[in-house]
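**Q** Next up is a structure, given as structure tokens.
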Amino acid sequence: MSSITRRDFVRTGAAAAAAAALPSPAFAAPAVHTRGAARPVVIASDNGNRFKNGGDVTGVQKAFGMIAAGADVLDAVVAGVNLVELDPADDSVGYGGLPNADGVVQLDSCVMHGPRKRAGGVAGLEGVRTPSLVAKAVLENTDHHLLVGEGARTFARQMGFTVEDDLNTPNSRRLWLEWKRRSDPQHYLDPAQRAEIGHRVGLEMVAEGLIDPNHYYGTINSTGINARGDICGVTTTSGLAFKIPGRVGDSPVLGAGLYVDGAVGAAGSTGRGEANLYNLTSYLIVENLRRGMSPKDAGMEGLKRIAANTVERRLLNSRGTPNFGIQFYVLNARGEHAGVTLYPGGTYAVCDENGPRNVPLEPLFQGSPRD
């Protein structure tokens, strides 16, 4: 048996004491996983960095400035899109948005608050210039997610919003009259013929430069995140130009025009609402983020799903790909973002500590939808 020196005894005793001071493995505290600090940013469709409603800042600038000053993220992004809703120069959203086939402006919007896990929306709302604020009032004051039509209008009036008889501007009325003149020269047509002519005429007016191609389908989407990682979003629109009265697209529908998961990220859309509605693509994109995809890859998978489910001949071009446009704006919980689109062209708006700018959208296909 070997002898032990005094030095060995002291070393061994110290080690034993240190071990005894450690918690027993059976009672070890659980690991705590915390999300890293986010990079504050606001993103939006390109009109979020174009229209100022007579002021000095664009929508994304206003929203980011409010977030930087400590405002709630939903309050900030809604205030940003309010500039676009109120600006008559943007005829795809709010006041002066292109009306339906009867010449009536009907508006849709939804909002989602990530931290509070609450949402609100309105569809077919007439007479209120800022449907996003009415959607926010639904979130704050009701147990519901979506109010529509006359009920939404009555609710807005009860909440103190000004309800006007007509939201047309001279420009939106002029364009509706031009569409009406071209599509219905004999006043009434066979229903099938009328639908075909009406859509064709609308696209002709886009091709002639009378209607901004981005405004034929309309819409602004905006999402933002602050340094704590709070994520919120809003989508608002006057819908498809000259639509059938009562038509509701993707914009006010959770999971389609907008989806927010406060722990994962957000996605929203502009473009052909029916394609997005069928696939609930914004929800799909956020689920892709949950699985670890980057914002760009998550968005591209959403576009691929739309392309795979577009099979009607009338919706396909000569190459067998969709003959329409749709875009998604994707933001994850770290403040990383991307904008994706079916075909090349277009930008999306970004504002962060480096200021506002427009960033090119990433296309899934080459060429154009009408090839």
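**Q** Out of the stretch 40-65, which residues are of a type in the set (A, V, I, L, M, F, W, C) and either over 19 Å from the mean Cα position of the chain (by Cα) or assigned to a strand (DSSP E or B) (or both)? I'd like the intermediate steps shown before the answer.
**A** Applying the first criterion (of a type in the set (A, V, I, L, M, F, W, C)) to the stretch 40-65 yields 41-44, 51, 57, 60, 63-64.
Within the stretch 40-65, Val41, Val42, Ile43, Ala44, Val57 qualify.
**Q** Now a separate question. Scan the stretch 66-79 for residues that are in a loop (DSSP other than H, G, I, E, B) and in contact (Cβ under 8 Å) with a residue 60 or more places away in the chain and jot them down. It would help to see each step written out before you state the result.
**A** Filtering the stretch 66-79 for residues in a loop (DSSP other than H, G, I, E, B) gives 69-72.
Asp72 - this is the single residue of the stretch 66-79 that is in a loop (DSSP other than H, G, I, E, B) and in contact (Cβ under 8 Å) with a residue 60 or more places away in the chain.
**Q** Does the stretch 208-247 hold any residues that are at pLDDT 90 or above, small (Gly, Ala, Ser) and not in a strand (DSSP E or B), and which are they?
**A** Of everything in the stretch 208-247, those that are at pLDDT 90 or above, small (Gly, Ala, Ser) and not in a strand (DSSP E or B) turn out to be Ala227, Gly229, Ser238, Gly239, Gly246.
**Q** Would you please name the residue that is modelled with the lowest pLDDT, looking only at residues in the stretch 306-333 that are outside any strand (DSSP E or B) and under 18 Å from the mean Cα position of the chain (by Cα)?
**A** Our first condition is that a residue be outside any strand (DSSP E or B); within the stretch 306-333, this holds for 306-315, 317-321, 323-325, 333.
Subset that is under 18 Å from the mean Cα position of the chain (by Cα): 306, 325, 333.
Details: Ile306: 98, Gly325: 94, Ala333: 98.
Of everything passing the filter in the stretch 306-333, Gly325 is modelled with the lowest pLDDT.
**Q** Check Gly65 against each of (1) surrounded by fewer than 24 Cβ atoms within 10 Å (Cβ to Cβ); (2) closer than 17 Å to Ser172 by Cα and name the one condition it does not meet.
**A** Among (1) surrounded by fewer than 24 Cβ atoms within 10 Å (Cβ to Cβ); (2) closer than 17 Å to Ser172 by Cα, Gly65 violates only (2).
The values are calculated or read from the model by the stated rules, or taken from the named source; none is laboratory data. Everything quoted here is computed from the prediction, not taken from an experiment. Quick reminder, even Gly has a Cβ in these numbers, built from the backbone with ideal geometry, and neighbours come from all protein chains shown.
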